[in-house]
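Right, one structure below, let's go through it.
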Amino acid sequence: MKKQKKAIIDTYETLYDIDIVVANRQVSLDKLRKLYTYGDGVMLDDFIADGLSTTAVVKRISDNKTCILIKDNKDTDVKSIDKKLDHINTIAHESLHAVLDIYDIINQKICTCSPEPMCYLIGYIAECVYKTLTKK
């Protein structure tokens, strides 16, 4: 019998005073609703728990701090996919969404003439997501 993973929500700070919150698939929408609203104060809806993974701008209810929530919803027990490659794809995909949301919040334009800050931020967020989603 396979051991069930526990619900995990981790928070990581960024240089932009916007936290990255990563929740694995065991975290329920009800639990997230107790902790966060969307950035405009609206209650989290089913979008957060639908699909394979989602990224959204949220506000932490306890202190009204802006965060980027990355919620994994993917069933990793599916046998028809290469799990490692799919994991990498999902992490990269959601990390870019998070960076774009951060850039939007701080009014930073994406500049291909000096992309290093953006690339470092994507790498950092990908590490954060990987740390949380690979916890046992």
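Computed quantities for the displayed model
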read-out: Debye intensity ratio I(q)/I(0), log10, region 9-133, q values 0.09, 0.10, 0.12 Å⁻¹ (C-alpha model); value: -0.25, -0.30, -0.44
read-out: Compactness of region 59-136 as Cα Rg over 2.2 N^0.38 Å, two decimals; value: 1.27
read-out: Karplus-derived HN-Hα couplings along region 58-69 (A = 6.51, B = -1.76, C = 1.60, θ = phi - 60°), whole Hz, x at Gly and Pro; value: 10, 10, 6, 4, 5, 9, 6, 7, 6, 9, 10, 9
read-out: Percent antiparallel among DSSP beta bridges (both partners in region 9-133, rounded to 5); value: 75 percent
read-out: Region 9-133, relative contact order in percent, only Cα pairs under 8 angstrom and at least six apart counted; value: 25 percent
read-out: Net charge of neighbours whose Cβ lies under 12 Å from the Cβ of Thr11, counting Lys and Arg as +1 and Asp and Glu as -1; value: -1
read-out: Value of [θ]222 nm, deg cm²/dmol, for the chain, DSSP H segments ≥ 4, -39500 (n - 2.57) each, nearest 500; value: -11500 deg cm²/dmol
read-out: Local electrostatic count, Cys128, Cβ distance below 11 Å [Lys/Arg +1, Asp/Glu -1]; value: -4
read-out: Val27 long-range amide H proximity, modeled H, under 5 Å; value: Ile8
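Readers should treat all values here as calculations from the given coordinates under stated rules, not as data from a laboratory. Computed from a prediction, not measured in an experiment: that's the story for all the values here. No Cβ is skipped: glycine too gets one built from the backbone with ideal geometry, and neighbour counts run over all protein chains shown.
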